[in-house]
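Asks: Can you read through this structure? Questions will come right after.
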Amino acid sequence: MMIKRIKPGQRFSSAVVVNGIVTTAGVTGSGADTATQTRDILAQIDALLAEAGSSKANLISAAIWLRDIAHFSQMNEVWDQWVDKNNLPVRATVEARLATPELLVEIQVTALV
């Protein structure tokens, strides 16, 4: 079995491809608000999926963590513009304390290659 590790860092890889499936680590972004951070995150996810030989059309699942669930609609506005409406993944969204106060959203996805 071959495992492809994309952008390995000190503690984890940004994505891993194995057996025709790519899974990303939790991706965070920059920006002053939830919508801006979500846009940045989804652009990073697009790039990771492309490097793995996949795309958002092949999404299987997504996990989303929000610092404040009151920002759910801000994140969803951006998500709805980005996601492939013909190939919707399963998704879970929860409120969580993220690693640093400036992080407002974190997203992890799994897709077929």
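Read the figures in this text as sums done on the coordinates, not as results from a lab. As the structure is a prediction and not an experimental result, all values here were calculated from the model. Counting neighbours? That spans all protein chains shown, and the Cβs are built from the backbone with ideal geometry, glycine included.
Asks: Which chymotrypsin sites (Phe, Trp or Tyr not before Pro) in the range 1-104 sit in a loop by DSSP (not H, G, I, E or B) and have at most 14 other Cβ atoms within 10 Å of their own Cβ?
Replies: Phe12
Asks: Say we join alpha carbon atoms closer than 10 Å with springs in a Gaussian network model of the chain; which of Ala25, Ala99, Ala63 then has the biggest fluctuation?
Replies: Ala99
Asks: Shifting gears a bit: Tilt of helix 72-82 relative to the longest C-alpha principal axis of the chain, in degrees (0 to 90, nearest 10)?
Replies: Approximately 40 degrees, to the nearest ten.
Asks: Quick check for me: using +1 on Lys/Arg Cβ and -1 on Asp/Glu Cβ, what's the dipole size of the range 26-112 about its Cα centre, in debye to the nearest 20?
Replies: 200 debye
Asks: Are there trypsin sites (Lys or Arg not before Pro) in the range 10-113 that DSSP marks as loop and that have at most 15 other Cβ atoms within 10 Å, and which are they?
Replies: Numbers: sites: Arg11, Arg39, Lys56, Arg67, Lys85, Arg91, Arg97; in loops: Arg11, Arg67, Lys85, Arg97.
Taking the range 10-113 and a limit of 15 other Cβ atoms within 10 Å, the loop trypsin sites (Lys or Arg not before Pro) found are Arg11, Lys85, Arg97.
Asks: How much mean residue ellipticity at 222 nm does the chain get from its helices, if each DSSP H run of length 4 or more adds -39500 (n - 2.57) and you divide by all residues, to the nearest 500 deg cm²/dmol?
Replies: Taking each H run of at least 4 residues, the total per residue is -8500 deg cm²/dmol.
Asks: If the elastic network links every pair of Cα atoms under 10 Å, which of Leu103, Leu42, Leu59 fluctuates the most in the Gaussian network model of the chain?
Replies: So, out of Leu103, Leu42, Leu59, the one fluctuating most is Leu103.
Asks: While we're looking at this one, here's another question. Which GluC sites (Glu not before Pro) in the range 74-113 sit in a loop by DSSP (not H, G, I, E or B) and have at most 12 other Cβ atoms within 10 Å of their own Cβ?
Replies: Taking the range 74-113 and a limit of 12 other Cβ atoms within 10 Å, the loop GluC sites (Glu not before Pro) found are Glu102.
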